[in-house]
Amino acid sequence: MDMREKKITGEVIYDGKVVKLEKDKVLCPNGNESLREIVRHPGGAAILAVTKDNEVILERQFRYAYDEVIYEIPAGKLEKGEDPYYAALREFEEETGNKTDKLISLGECYPTCGYSSEIIYLYLAENFIKTQTHFDDDEVIELEYVPLDKVVKMIENNEIKDAKTIIAITRYLIKNKSL
């Protein structure tokens, strides 16, 4: 069975700096019509950085949408047409003050597949050198170097709620046969 929905009509409700909100009327595979609200997002790149001492670089950052300070791995939005790999290299240095010349792909994830087109490309950095942070004007970030086993406990205890961070850690553990 072809499960694709076919767009009948569409309109842009909002076109902002980071996201675009669209409302489409679609024809479902079963013949019914429905409305879809889609947040178009350029995507992002996230970096799981593990030190030689098996520590993970985590950021603590206030996230307005949740009204909460959360733990997450370094990440950033893709610029239009930007290769996710190079975005990850850029964001890693900007946000952590570390530089690497090699990232290993941990795949991609769809953080909110019910209503958003965002794709986050996940990378692993294991060998890096200290440089200097270059935060955006609206970024206030605290870095913590947390032992990997403690990060796993933080996920288990719901201290880490960020999807990209949980997925990157899980894929890293699977890759290293730690699960």
Once fully extended, how much extra length lies between Val19 and Gln132, figured as 0.36 nm per residue of separation less the alpha-carbon to alpha-carbon distance?
37.7 nm
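So which chymotrypsin sites (Phe, Trp or Tyr not before Pro) in the range 50-111 pass both tests, a DSSP loop state and at most 11 other Cβ atoms within 10 Å of the Cβ?
For chymotrypsin sites (Phe, Trp or Tyr not before Pro) across the range 50-111 that sit outside H, G, I, E and B with at most 11 neighbouring Cβ atoms in 10 Å, the list reads Tyr64, Tyr66.
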Those trypsin sites (Lys or Arg not before Pro) in the range 27-126 that DSSP places in a loop and that have at most 12 other beta carbons within 10 Å
Lys52, Lys80, Lys102
Could you work out how far apart the two model spin labels at Ile70 and Ile8 are, taking each label as a point 7 Å from the Cα in the direction of the beta carbon, and quote it in nm?
3.5
I'd like the distance between the alpha-carbon centres of the range 1-34 and the range 68-111, rounded to an integer number of Å.
29
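Mind listing which chymotrypsin sites (Phe, Trp or Tyr not before Pro) in the range 111-156 are in a DSSP loop and have 12 or fewer other Cβ atoms within 10 Å?
Answer in residue order: Tyr115, Phe135.
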Do you know the relative contact order of the chain, to the nearest whole percent, from alpha carbon pairs under 8 angstrom that are 6+ apart?
22
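Quick one: plug the Kirkwood hydrodynamic radius of the chain (C-alpha pairs) into Stokes-Einstein at 25 °C, 0.890 mPa s, and report D in µm²/s. The partial results should precede the final answer.
Values: Rh = 17.8 Å.
In µm²/s, the coefficient rounds to 138.
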From the phi angles alone, apply the Karplus equation (6.51, -1.76, 1.60; θ = phi - 60°) to the range 168-174 and give each ³J(HN,Hα) in whole Hz, x where the residue is Gly or Pro.
4, 4, 4, 5, 5, 5, 5
Straight-distance crosslink candidates among lysines, where the alpha carbon sits under 26 Å from Lys130 and sequence neighbours closer than 8 are dropped:
Lys52, Lys77, Lys99, Lys102, Lys150, Lys164, Lys175
Lys, Arg +1 and Asp, Glu -1 on Cβ, resulting dipole of the chain about Cα centre, debye, nearest 20
680
Computed helical MRE - 222 nm, the chain, DSSP H runs ≥ 4 contributing -39500 (n - 2.57), nearest 500
-6000 deg cm²/dmol
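Laboratory data are not the source of any read-out in this text; all were calculated from the coordinates shown. For clarity, every value in this text was computed on a predicted model and none was experimentally measured. When we count neighbours, we look across all protein chains shown, and the Cβ atoms used for this are built from the backbone with ideal geometry, even at glycine.
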